[in-house]
Amino acid sequence: MSFYEDRILPHIIDKACSMGQVMKLRSQVVPRARGRVLEVGMGSGINLEFYDQTQVEMVYGLEPSEGMRRKALPNLGRSPIHVEWLELPGEQIPLDNESVDTVLLTFTLCTIPDWHAALMQMKRVLKPGGDLLFLEHGEAPHGSTRKWQHRITPGWKMLAGGCHLNRNIADLILQAGFDIQELENLYMPNAPKIAGFIYKGRAIKPI
């Protein structure tokens, strides 16, 4: 891991992912988590303040970046939620089959190199009928914006930790065999359209 990825990028990502409108969206999704939760791409623990501690037994925090785990220490210290770090990428989830009640994805699926393998791992560890809660940015429906997303993504992902601007999040979730129960799409206010088209919702693992 380079100095940039370990020491600089975590601060950039933390800042970008904790802006006011982003936090408002997080507050609408994270409190719905229940039971044993797997948070994929836990980062600096931004979501911890939004968990309902009366509903959450514990959180497995999957985060391969040592820099992000280090950045998370203050948030972990303030939170009553018990967190167990899993220091591996999304394609390698070291949990038993059907061992979690909720999987949480917030601004993570855009960065995982093998998104299909990662989603299949999430489905494997999720109990039948369990929830996949997602809040992601991705491919926009409007041609001009989508064109620029495809054009910029190769360079963007080199600077932004592998972030793809042009992934259709709903399609990826469906391709992995989840059933989407709720889906809301919107452009995040005060954000560039190429990076601000949001997919927010809930999918389940079929019983």
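Structure summary
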read-out: Distance in nm between pseudo-label sites at LEU174 and TRP148 (7 Å out along the Cβ direction from Cα); value: 2.7 nm
read-out: Sequence-distant aspartates and glutamates (8 or more away, or on other chains) whose Cα lies within less than 12 Å of LYS205; value: GLU98, ASP101, ASP131, ASP179
read-out: For the chain, share of DSSP beta bridges that run antiparallel, in % to the nearest 5; value: 45 percent
read-out: Label point 7 Å beyond Cα of GLU57 along Cβ direction - residues of the range 96-119 with amide nitrogen under 18 Å; value: 96-104
read-out: Of LYS71/LYS127; LYS123/LYS147; LYS127/LYS147; LYS24/LYS157, pairs whose Cα-Cα distance is over 27 Å; value: LYS71/LYS127; LYS123/LYS147; LYS127/LYS147
read-out: Three-way shape label, the range 71-207, alpha-carbon gyration tensor, a/c 1.5; value: prolate
read-out: Cut-off under 5 Å, modelled amide H: who pairs with GLY130 long-range; value: LYS205
read-out: Student exercise, the chain dipole from Lys, Arg, Asp, Glu Cβ charges, in Debye to nearest 20; value: 660 debye
read-out: Cα centroid separation - the range 193-207 against the range 112-175, whole Å; value: 9 Å
read-out: Shape call, the range 15-120: gyration tensor on alpha carbons, a/c limit 1.5; value: rounded
read-out: Accessible-area order (highest first, 1.4 angstrom probe) of the listed residues PHE134, PHE107; value: PHE107, PHE134
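The values are calculated or read from the model by the stated rules, or taken from the named source; none is laboratory data. Just so you know, these numbers come straight off a predicted model, no measurement behind them. Using ideal geometry, Cβ is built from the backbone for each residue, glycine included, and neighbour counts are taken over all protein chains shown. Quick note on the areas: whole protein, heavy atoms, side chains included, nothing else; ligands and nucleic acids left out. Shrake-Rupley method; radii C 1.70, N 1.55, O 1.52, S 1.80 Å.
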